[in-house]
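The next block holds one structure in the form of structure tokens; read it before the comments.
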């Protein structure tokens, strides 16, 4: 508990929103209130198709309750990172006991990468929580055969699709496929992945917003979100995708001291309106 509180909540709102993504997510959330539109996201008046809607809804709830502060914008990430650590504790405790469960959760909470994304007003902490939930549940289903874990897996994937898109499907499906393939048990994987009740649950969670936004935004959403921010990430080079060690000036610690450098992404060049 102390590790979680220190890592994710201590002085959470002290630092300004210094990372370009923090500013973009937070400004887009503010514009939802300004426009009275909580289905689509805009940044400086232009449509923003970087991420699906779930993280903006969570930020909007925090802002509605606490006001437009750094604490409110970052609170969803801190809570998601806490949930991530809690799931890690529960999963590890189930297999290795309480002491190792506590150690695993504390190790996660104090890891540098988790510390950074757990305090950033972006979608990464939410995605990692849902990926962890889907993978833990998938393991429990494959090891026990209990259907409740299959439904939990697909529910977490559905929420992940609302958090960051197709990557929330790709990672659990590919990892479990490799696991079952190595065990020479592809039939179990096929039954789990294509179980119609589990798929129906996934679709019921993820599809409604996508249907509504497609009807609302049309071709622009397909070109922006699907082609540019999903297909484009895997079909061409992206400087933002390089490791932080190769770009020290892009690291949040450097930005905090020296200020954010231009990123070249015109859609993210707005600052947080006060």
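The modelled label-to-label distance for the pair residue 38/residue 6, using points 7 Å beyond Cα in the direction of Cβ, is 3.8 nm. Rounded to a whole number, what is D in µm²/s for the range 72-150 from Stokes-Einstein with the Kirkwood radius over alpha-carbon pairs (25 °C, 0.890 mPa s)? Rounded, D is 189 µm²/s. Both the radius of gyration and Dmax for the range 95-206 are 15.0, 42 Å, in that order, over alpha-carbon atoms.
Subtracting the Cα-Cα distance of residue 147 and residue 14 from 0.36 nm times their residue separation leaves 43.4 nm of extension gain. Eigenvalues of the alpha-carbon gyration tensor of the range 1-105, scaled by 5 and square-rooted, set the equivalent ellipsoid semi-axes at 32, 15, 11 angstrom, largest first.
The gain in end-to-end length when the residue 64 to residue 100 segment is fully stretched comes to 9.1 nm, 0.36 nm per residue minus the alpha carbon separation. Between residue 107 and residue 184, the distance separating the two model label sites (each 7 Å from Cα on the Cα→Cβ line) works out to 3.2 nm.
Where a number appears in this text, it was derived from the coordinates with a stated rule and is not lab data. Predicted model only: the values in this text are computed from it and were never measured. For neighbour counting, all protein chains shown are included, and Cβ atoms are generated from backbone atoms with ideal geometry for every residue, glycine included.
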